[in-house]
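Nothing in this text is a laboratory measurement; each read-out follows from the coordinates by a stated rule. From a predicted model like this one, the values you see are computed outputs, not experimental measurements. As a convention, Cβ positions derive from the backbone with ideal geometry for all residues, glycine included, and neighbour counts pool all protein chains shown.
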Amino acid sequence: MIGQLGALFSFILLGFWGTKVDVGDFYSLITNKIPDGAPAPSIPCMMTQCGSETLACLTDRMCLKALACIAPCGDDQACTFHCISNYETPLFHALNKCNIHDAGCIVLKEPEEKGECGGGVEVAIPALDIMDMMGQWFITMGLSPIYDCFPCQIFTFAKDETDGRPMVYMDYQVDRVFGDTVNKTVIEHIEQPDAEKQGLLIFGGIQNGLFHS
């Protein structure tokens, strides 16, 4: 009798879970092979150190779609960015932060090639008053079809009201696979690390739950 009740409860629980997510996404997540060389998550770490974030994501339709989409991407940045742009949610950001930044359940591999920022062949201009950049800038073209070719890109440069640091609001739109268009905003602070090359700017801020610079 107890066994039958347990089986019934499990059936009801699975049925309820199936109404909250697309079960096919979970099947894809657990059956798709992670590409060779790509960082694999530590499942025990995810369940113990990031348990609440993992459970929240696995029971959220969009967050689970993001995981199922990203799992087979490996080092393919176009694939990863496509998944994040279409399916990201605050729950996904929280899981990212816990897994990668806080608990280290996923250890990202070091890049095969490391280079110094500085504009390559073109030397950064020696003098740039960052105040001249303040205001709105409309982005009319980009260099990368993955990262910077989006509709309605408007960068607004301003000063942080709390500490006066220069910052930028990057507003743009993403045409998602669902057929809709969503507005996105990335906020980053700006630094000029070299007094003799003031045109060399470093942008840093939180994206997808992680700090990028």
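Points to keep in mind about this one:
- Karplus-derived HN-Hα couplings along the stretch 179-187 (A = 6.51, B = -1.76, C = 1.60, θ = phi - 60°), whole Hz, x at Gly and Pro: x, 9, 10, 10, 8, 10, 9, 10, 10
- Positive dipole terminus of the chain, leading residue within Phe26, Gly179, Val123 (C-beta point charges): Phe26
- To the nearest ten degrees, helix 77-87 and the longest principal axis of the Cα atoms of the chain are 70 degrees apart.
- Estimated FRET transfer efficiency when R0 is 35 angstrom, pair Phe178-Glu110 (beta carbons, to 0.05): 0.45
- Pairs from Lys33/Lys65; Lys109/Lys159; Lys20/Lys109; Lys109/Lys184; Lys33/Lys109; Lys97/Lys197 whose Cα-Cα separation, in the structure shown, is over 24 Å: Lys109/Lys159; Lys20/Lys109; Lys109/Lys184; Lys97/Lys197
- Taken one residue at a time, the phi angles of the stretch 92-102 give Karplus couplings (6.51, -1.76, 1.60, θ = phi - 60°) of 5, 4, 5, 5, 4, 4, 5, 5, 9, 8, 7 Hz. Gly and Pro are set to x.
- Free of any GluC sites (Glu not before Pro) that DSSP assigns to a loop and that have at most 14 other C-beta atoms within 10 Å, the longest stretch within the chain is 1-111.
- Length added when fully stretched, Thr162-Phe211, from 0.36 nm per residue minus Cα-Cα: 15.7 nm
- Here the scattering of the chain is modelled by Debye summation over its C-alpha atoms, one equal scatterer each and no solvent; at q = 0.08, 0.10, 0.16 Å⁻¹ the log10 of I(q)/I(0) is -0.39, -0.59, -1.25.
- Helix 61-70 axis, angle to the chain major axis (alpha carbon atoms, nearest 10°): 70 degrees
- C-alpha center-to-center spacing [the stretch 25-68, the stretch 162-204] in angstrom: 29 Å
- Point-to-point label distance, Leu55-Ala127, nm (Cα→Cβ direction, 7 Å offset): 6.2 nm
- Between the beta carbons of Asp148 and Lys33, assuming R0 = 35 Å, the FRET efficiency works out to 0.65 to the nearest 0.05.
- Exposed-loop-free span, longest in the chain, where trypsin sites (Lys or Arg not before Pro) count as exposed if DSSP calls them loop and at most 15 other C-beta atoms lie within 10 Å: 34-108
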